[in-house]
Amino acid sequence: MKVDMPGKYLAEEIEKKWMARWEKDKTYKFDETNADNIFSIDTPPPTVSGKLHFGHAFSSSQQDFIARYKRMKGFNVLQPFGTDDNGLPTQTLIQKLKKVWAKGMERKDFIALCLDTLENELRPSYLQDWKRLGMSCDFDVNYTTINEHSIRLSQKSFIELYEMGRAYRQEAPATWCPKCQTAIAQVELEDKEVPSIFNDIVFMVGDEKLTVATTRPELLPACVAIFYHPDDTRYSVLEGNLARVPLFDFEVPILPDERADPEKGTGIVMCCTFGDSTDVEWQKAHKLPIKTAINKDGTMSSLAGKYEGMKLKEARNEIIEDLKNESLLTKQEPITHSVNTHERCGTEIEFVHSKQWFVRYLDLKEDMLEWGNELNWYPKHMKNRYDNWVKGLQWDWCISRQISFGVPFPIWYCGDCGETIVASVKNLPVYPLHDKAPVDCCPNCKSKNLKGEKDVINTWATSSLTPTIVKELFKGTKVYNYLKENPMDLRTQGHDIISFWLFNTVVKSRLHEKMNPWKDCFINGWVLDPRGRKMSKSKGNVVEPQKIIETYSADALRIMAGGCKLGDDFPYQEKDVKSGQKTVTKLWNASKFVFMHLEDFEHVGKDYDPEKLELMDKWLLLKLNKVVNHATDAFEVYEFSKAKKEIDALFWNTLCDNYLEIVKDRLYNPKTRGELERLSGQHTLYGVLLNVLKLFAPIAPFVTEEIHDNYYAKIEKKGSIHKRSWPEVDASFDDEEVERAGDKIVELLGEVRKFKSEQGKSLKEPVNIVVSEEDFSLIEKGLDDFKAATNAKSVESGKEFSVSF
């Protein structure tokens, strides 16, 4: 069959063609009527941020390699597509895009603006970016974390946790972001090294001076105690005394506690409610009063007296000046220390006493470690991050947020006695700010003054339900029971959100379903800039994948992603994507060459006696066998980079650099070399190229589909290459002697090429070759191919290898 392929591979045109074709043909549709052989992936729902970023492109490509491989292995692949578009990230994005402030609008109007912007402006183009990358998701299996389906399941999860006694509301110190003006969880904290100053401040104990070092003098009005270490003899005599707080003129007790560090500052420390987590522990342990010096908006409260209303840093500077003026500041020492910041905005967090909803789980830490042991981790060392997170947990999970946009708590309160009233599961989803409570009056005091909860559920408390969100989409289908009763097969995600998404999903699944959410965890690394730094807009080092795809191709980007070992961070270098594009071009050109020589090949589907194959044809099939075996083993344990390395070597070195040069003479000159010899080469090329395309298909789906469609799909009456079977090892090709002979021919061919090059001659220059007796005997069955490939006038047996003109 004659194949009419353009001289140049037109990446943009071809890739867009296949995007549309795959969607029209539903090539990647999950079969919900067949519960056999399912391979399910809990895909990460990306935060809708306007467009695909390089981290998404990198990690999603690696995930898709596995989905495509499993599909070719005969699995019914469930690879859904979701978006995480509720909560603070979306609220912040909409405020920025629309130049509005949520707290300055009617809540219902802001929510409507968010939903409209997501539906009509953000999601459509965002979704297109993933399709352009070549993702083989079933895009008909989709969800958003703010649609009614997800809200219902998130609210149901909360009600179940409440009924278990694990969800509780408590007035307690909570980590708080003054900029975002909401509580945040421990998982949302990020340590940052910042410059600061230790200020030695004078407290008075009777007529004696007591010097206390602090970096936070603005918290003086909230001081409730002074602590020293019980073994510190400098201060033990002060136990039971009172210290007078400078500027604010009230007294606090001096107490011993082992958490005071004798080596830090002056060795004695003030406890304020609340400066840090240690202050929280001290207040609770010693039953100290709570004084609130900082408002939720990051300004000083009325407790601060004349400093009321000032921003924290302004108040700090004013208090320091006043201390100096009254000779109460004896020393200042510049330091650098680590502070907790909100990972979303970088603001230093405060501890604010407020009512929040929590999930109680600190009692489960030993169980959590065991749950982690039951997962298969790829790479294995990523489990350490999970373990370290669990061991370092200090607080229960705060799941309430004081923002406008998010999943509502299914809760009402009695305005008179404070009784909590929970929605009925059958009525979900509910919106308590405008829906009626499920009862007419308070079950406790009979008051009809019932008010809906204003807070919303933290987005991670919803996205940690993604396995359930996906499974429940299939309720009423033949696959539902299987999906419901079994863990999903694979979770793919970045190492940076093990403590966010992975951990919380495990916790939710164990509490609700009594099983782990998946069997395998596939943890990818980050894409960094060429200097190894994290990409960020503020650094001006962001590389946009859309431009890479436009300049090179989606396949080129994917090939680059395939070259990175799972779990490793990867500094982006343009040369790597250029290398990917060279592979695309080489596949195209090599295929054109092969198809040109298969125009008269009429033995498709017919058995061919392996014994009739020429030596080098057998050798190539042996090499293919080994690569199929190694690549399959590698894909099975998610080592796609190892598989790609093997496939690259087979294609570039074994096939293109060596075999095609060796077989050319047989293909071009059947009259002198023989028709059977040519047929042997044709048969080999037909099968090897088809299998090479299949091997590349998970990594480079567009070019392999186009090449396959130009020839094999028509010849064999097959559809998409991505629905064909993965190559299998042919047991009939396992001959060590053939492999040794072929390897030796390739080795000697390399020596001849090197000789000609060193002599400044063309590779077509005729030569005389002498081969050692042992090697001559080994390669004798392939001698004609060797002579043709080297353009040898003669090849003779002798004492040692030599080449001459």
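Of the residues Lys694, Lys718, only one is modelled with pLDDT of 95 or more and either within 24 Å of Glu661 (Cα to Cα) or open to solvent by 80 Å² or more (accessible area, probe 1.4 Å) (or both); which?
After ruling out the rest, the residue left standing is Lys694.
Hey, does the stretch 37-59 have a residue that's polar (S, T, N, Q) and in a helix (DSSP H, G or I)?
Looking for residues that are polar (S, T, N, Q) and in a helix (DSSP H, G or I), one finds at least one in the stretch 37-59, hence yes.
Quick check, is Val506 among the aliphatic types (A, V, I, L, M) and within 19 Å of the chain's Cα centre (by Cα)?
Numbers: among the aliphatic types (A, V, I, L, M): yes; within 19 Å of the chain's Cα centre (by Cα): yes.
When the stated conditions are applied, Val506 passes them.
Table: residues versus (1) exposed (fewer than 14 other Cβ atoms within 10 Å of the Cβ); (2) in contact with a strand residue (DSSP E or B) (Cβ under 6 Å, 6 or more places away or on another chain); (3) of a type in the set (Lys, Arg).
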| residue | (1), (2), (3) |
| --- | --- |
| Asp363 | yes, no, no |
| Pro379 | no, no, no |
| Arg401 | no, yes, yes |
| Ser404 | no, no, no |
| Tyr413 | no, yes, no |
| Pro438 | no, no, no |
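Would you point out the residue of the stretch 788-805, among those that are of a type in the set (D, E, K, R) and within 12 Å of Val771 (Cα to Cα), that is surrounded by the most Cβ atoms within 10 Å (Cβ to Cβ)?
Glu796
When you look at Ser40, is it buried (at least 24 other Cβ atoms within 10 Å of the Cβ) and in contact with an Asp or Glu (Cβ under 6 Å, 6 or more places away or on another chain), yes or no?
yes
Take the residues in the stretch 566-582 that are assigned to a helix (DSSP H, G or I) and of a type in the set (Asp, Glu); name whichever of them is least open to solvent (accessible area, probe 1.4 Å).
Asp576
Listed here are the residues, each with its yes/no results for (1) more than 46 Å from the chain's Cα centre (by Cα); (2) open to solvent by 20 Å² or more (accessible area, probe 1.4 Å); (3) under 28 Å from Ala556 (Cβ atoms); (4) in contact (Cβ under 8 Å) with a residue 40 or more places away in the chain.
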site: Phe595; (1), (2), (3), (4): no, no, yes, yes
site: His603; (1), (2), (3), (4): yes, yes, no, yes
site: Asp609; (1), (2), (3), (4): yes, yes, no, no
site: Glu614; (1), (2), (3), (4): yes, yes, no, yes
site: Leu624; (1), (2), (3), (4): no, no, yes, yes
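Taking Glu193, is it modelled with pLDDT of 80 or more, in contact with a strand residue (DSSP E or B) (Cβ under 8 Å, 6 or more places away or on another chain), in a strand (DSSP E or B) and within 22 Å of Thr299 (Cβ to Cβ)?
no
What are the residues in the stretch 248-291 that are among the acidic types (Asp, Glu) and either part of a loop (DSSP other than H, G, I, E, B) or open to solvent by less than 20 Å² (accessible area, probe 1.4 Å) (or both), if any?
If the condition is that a residue be among the acidic types (Asp, Glu) and either part of a loop (DSSP other than H, G, I, E, B) or open to solvent by less than 20 Å² (accessible area, probe 1.4 Å) (or both), then Asp249, Asp257, Glu258, Asp261, Glu263, Asp276, Asp279 are the ones that fit.
Looking only at residues in the stretch 431-457 that are in contact with a Phe, Trp or Tyr (Cβ under 9 Å, 6 or more places away or on another chain) and aliphatic (A, V, I, L, M), which one is nearest to Phe405 (Cα to Cα)?
Val456
How many residues are among the aromatic types (Phe, Trp, Tyr) and under 43 Å from the mean Cα position of the chain (by Cα) when one looks only at the stretch 282-329? If you could, list the steps in order and put the result at the bottom.
To start, the set of residues in the stretch 282-329 that are among the aromatic types (Phe, Trp, Tyr) comprises 282, 307.
After this cut, where a residue has to be under 43 Å from the mean Cα position of the chain (by Cα) as well, the list is 282.
The total comes to 1.
Condition first: of a type in the set (D, E, K, R) and outside any helix (DSSP H, G or I). Now tell me which residues in the stretch 105-159 satisfy that. Steps first, please.
First, pick out the residues of the stretch 105-159 that are of a type in the set (D, E, K, R): 106-109, 116, 119, 121, 123, 129, 131-132, 138, 140, 148, 152, 156.
The answer is Glu106, Asp138, Asp140.
Does Asp435 meet the test of being acidic (Asp, Glu) and part of a strand (DSSP E or B)? Don't jump to the end; show me each part of the working.
Values: acidic (Asp, Glu): yes; part of a strand (DSSP E or B): no.
Considered against the rule, which asks whether it is acidic (Asp, Glu) and part of a strand (DSSP E or B), Asp435 comes out as no.
One line per residue, one yes/no per condition, for (1) over 30 Å from Lys537 (Cβ atoms); (2) out of contact with any helix residue (DSSP H, G or I) (no Cβ under 9 Å at 6 or more places or on another chain); (3) buried (at least 23 other Cβ atoms within 10 Å of the Cβ):
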| residue | (1), (2), (3) |
| --- | --- |
| Lys8 | yes, no, no |
| Ala11 | no, no, yes |
| Glu23 | yes, no, no |
| Glu32 | yes, no, no |
| Ala35 | yes, no, no |
| Pro44 | no, no, no |
| Lys51 | no, no, no |
| Lys98 | no, no, no |
| Trp101 | no, no, no |
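Given the criteria touching a strand residue (DSSP E or B) at 6+ places or on another chain (Cβ under 7 Å), polar (S, T, N, Q) and surrounded by fewer than 21 Cβ atoms within 10 Å (Cβ to Cβ), does Gln170 qualify?
In short, yes.
Residues being of a type in the set (A, V, I, L, M) and under 21 Å from Trp176 (Cβ atoms): count how many of those fall in the stretch 79-124. Walk me through how you get there before you give the answer.
As a first pass, look at the stretch 79-124 and keep what is of a type in the set (A, V, I, L, M): 88, 93-94, 97, 100, 102, 105, 111-113, 115, 118, 122.
Within this subset, residues satisfying the condition of being under 21 Å from Trp176 (Cβ atoms) are 88, 102.
Final tally of qualifying residues: 2.
Table: residues versus (1) touching a residue at least 60 places away in the same chain (Cβ under 8 Å); (2) of a type outside the set (Asp, Glu); (3) crowded, with 22+ Cβ neighbours inside 10 Å.
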| residue | (1), (2), (3) |
| --- | --- |
| Met72 | yes, yes, no |
| Glu119 | no, no, no |
| Gln128 | no, yes, no |
| Arg132 | yes, yes, no |
| Phe139 | yes, yes, no |
| Ile151 | yes, yes, yes |
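Please work out which residue is farthest from Arg385 (Cα to Cα), limiting yourself to the stretch 485-499 and to residues that are out of contact with any Pro (no Cβ under 8 Å at 6 or more places or on another chain) and at pLDDT 95 or above.
Selected residue: Glu485.
Would you mind stating whether Ile226 is surrounded by 16 or more Cβ atoms within 10 Å (Cβ to Cβ), farther than 19 Å from Ala315 by Cβ and modelled with pLDDT of 95 or more?
Yes.
Restricting attention to the stretch 730-763, which residues are open to solvent by 80 Å² or more (accessible area, probe 1.4 Å) and either at positive phi or of a type in the set (A, V, I, L, M) (or both)?
Ala731, Leu763
Residues Glu348, Glu343, Glu318: which one is open to solvent by 30 Å² or more (accessible area, probe 1.4 Å) and over 16 Å from Gln181 (Cα atoms)?
Glu318
What are the residues in the stretch 179-223 that are open to solvent by less than 30 Å² (accessible area, probe 1.4 Å), closer than 27 Å to Arg344 by Cβ and not hydrophobic (A, V, I, L, M, F, W, C), if any? Step through it out loud before you land on a result.
Narrowing the stretch 179-223 to residues open to solvent by less than 30 Å² (accessible area, probe 1.4 Å): 180, 182-185, 187-188, 194, 196, 199-203, 205, 210, 212-215, 217-223.
Remaining after also requiring closer than 27 Å to Arg344 by Cβ: 180, 182-185, 187-188, 194, 196, 215, 218-219, 222.
The answer is Thr182, Glu188, Ser196, Thr215, Glu218.
Filter the stretch 647-672 down to the residues that are basic (Lys, Arg) and buried (at least 19 other Cβ atoms within 10 Å of the Cβ) and list them by number.
Matches in the stretch 647-672: Arg666 only.
Can you work out which of the residues in the stretch 640-695 that are among the acidic types (Asp, Glu) and without any contact (Cβ under 8 Å) to a residue 24 or more places away in the chain is nearest to Leu624 (Cα to Cα)?
Glu646
Would you mind stating whether Gln91 is surrounded by 20 or more Cβ atoms within 10 Å (Cβ to Cβ), of a type outside the set (Lys, Arg), more than 17 Å from Thr466 (Cβ to Cβ) and under 25 Å from the mean Cα position of the chain (by Cα)? Even if it seems obvious, please write down each step before you answer.
On the way: surrounded by 20 or more Cβ atoms within 10 Å (Cβ to Cβ): yes; of a type outside the set (Lys, Arg): yes; more than 17 Å from Thr466 (Cβ to Cβ): yes; under 25 Å from the mean Cα position of the chain (by Cα): yes.
Spelling it out, Gln91 is indeed surrounded by 20 or more Cβ atoms within 10 Å (Cβ to Cβ), of a type outside the set (Lys, Arg), more than 17 Å from Thr466 (Cβ to Cβ) and under 25 Å from the mean Cα position of the chain (by Cα).
What number of residues in the stretch 231-240 are open to solvent by less than 60 Å² (accessible area, probe 1.4 Å) and touching a residue at least 24 places away in the same chain (Cβ under 8 Å)?
3
The values are calculated or read from the model by the stated rules, or taken from the named source; none is laboratory data. No experiment lies behind these values; they were computed from the predicted model shown. Glycine also receives a Cβ, built like all others from the backbone with ideal geometry; neighbour counts cover every protein chain displayed. The area values use the complete protein model at the heavy-atom level, side chains included, leaving out ligands, DNA and RNA. Shrake-Rupley method; radii C 1.70, N 1.55, O 1.52, S 1.80 Å.
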